[in-house]
Amino acid sequence: GKEVLKQNAINDALAAEAHCSQHPKRFSQGSFETCRLTLDAVMFTAAAYCRSVLGDFGWEEVYDHCDFGPGATTTLKREQGDRYYKIRDNAGVSTGCEPILAEYFCTRRPLWKGALLERNQSLYAICDWNRISTVPKDFKKDRPIAVEPSWNMFFQKGIGSVIRSRLRRRGIDINSQELNQQLARIGSRDGTWCTIDLSSASDTVSDALVWELVPPNWYQALYALRRPLGKLGKWYIRYPNIVTGK
């Protein structure tokens, strides 16, 4: 039933977190299933490509693309996911994101600056965790998600939009599946293309991997929007963290 699907998704998420916690050690010691030289060459090439695609980072550009999404947050259900509720709600923000929110208010929302300086408790509240939940992936499987504090989501959407625009400059449009559909059609006819399905692919993009691949200024921005804890029911789990080594 639904509870079984949910529990299986949670178990997969916890297994992925345990796997990610081993990445810092495996990167430093080269304990992946390849030789050290091959690993270094692959990571150097991948990091160079990420630098060339992403280019320079700037919060001013991100601010142009920030917005609230339509989904739930740590304090609001999906039924109250529109902008009206998120602005009037005692919106959550993580400790790392609070300075970014302050700069945004001061530079882009001067009318809110006074409330910020007074640390108006109706404007935002510190929330250093996200809520671990699940949603249906298909009719036979659920997938785990992390429901974020409102203001973290606001800036995450801005960074996501900038990354998408950088990719489009290289001819990679992740807003469209047209190219994938065309290649799948060709592959189904003559076998020249095929696809692979990696288990828990997105769940195993660890903090350590991002540290290794993206430029430092990009990593610092992404890290600032990241929560250290995940709330699962009445329990909390600590996410693997390359900066603290935990």
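The values are calculated or read from the model by the stated rules, or taken from the named source; none is laboratory data. Just so you know, these numbers come straight off a predicted model, no measurement behind them. Glycine gets a Cβ as well: all are built from the backbone with ideal geometry, and neighbour counts include every protein chain shown. All accessible areas refer to the heavy atoms of the entire protein, side chains included, with ligands and DNA or RNA removed. Shrake-Rupley method; radii C 1.70, N 1.55, O 1.52, S 1.80 Å.
Scanning region 154-183 for residues that are surrounded by 14 or more Cβ atoms within 10 Å (Cβ to Cβ) and aliphatic (A, V, I, L, M), which turns out farthest from V214 (Cα to Cα)?
Only one residue fits best here, namely L183.
Report, by residue number, each residue of region 1-26 that is in contact with a helix residue (DSSP H, G or I) (Cβ under 6 Å, 6 or more places away or on another chain) and open to solvent by 50 Å² or more (accessible area, probe 1.4 Å).
H19
The rows are residues; the columns are (1) part of a loop (DSSP other than H, G, I, E, B); (2) out of contact with any Ser or Thr (no Cβ under 7 Å at 6 or more places or on another chain).
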{"site": "T192", "(1), (2)": "yes, yes"}
{"site": "D197", "(1), (2)": "yes, yes"}
{"site": "W211", "(1), (2)": "no, yes"}
{"site": "G230", "(1), (2)": "no, yes"}
{"site": "I237", "(1), (2)": "no, yes"}
{"site": "P240", "(1), (2)": "yes, no"}
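Does region 193-221 hold any residues that are open to solvent by less than 90 Å² (accessible area, probe 1.4 Å), at pLDDT below 90 and at negative phi, and which are they?
Of everything in region 193-221, those that are open to solvent by less than 90 Å² (accessible area, probe 1.4 Å), at pLDDT below 90 and at negative phi turn out to be A201, D203, T204.
Can you name the number of the only condition in (1) out of contact with any strand residue (DSSP E or B) (no Cβ under 8 Å at 6 or more places or on another chain); (2) modelled with pLDDT of 75 or more; (3) surrounded by fewer than 18 Cβ atoms within 10 Å (Cβ to Cβ) that G71 fails?
(1)
If a residue has to be surrounded by 11 or more Cβ atoms within 10 Å (Cβ to Cβ) and of a type in the set (D, E) to count, how many in region 133-153 make the cut?
Residues that pass the stated criteria total 2.
Conditions (1) outside any loop (DSSP other than H, G, I, E, B); (2) at pLDDT below 95; (3) farther than 30 Å from A201 by Cβ, marked per residue:
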site: L101; (1), (2), (3): yes, yes, yes
site: Y104; (1), (2), (3): yes, yes, yes
site: L111; (1), (2), (3): yes, yes, yes
site: L116; (1), (2), (3): yes, yes, yes
site: D142; (1), (2), (3): yes, yes, no
site: F154; (1), (2), (3): yes, yes, no
site: I174; (1), (2), (3): no, yes, no
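Name the single residue, out of those in region 222-238 being within 14 Å of T74 (Cα to Cα) and either of a type in the set (D, E) or free of Cβ contacts under 8 Å to residues at least 60 places away in the same chain (or both), that is least open to solvent (accessible area, probe 1.4 Å).
Looking at residues that are within 14 Å of T74 (Cα to Cα) and either of a type in the set (D, E) or free of Cβ contacts under 8 Å to residues at least 60 places away in the same chain (or both), I get G233.
Going by the conditions given, is R51 assigned to a helix (DSSP H, G or I) and either at pLDDT below 80 or surrounded by 16 or more Cβ atoms within 10 Å (Cβ to Cβ) (or both)?
Criteria not met by R51.
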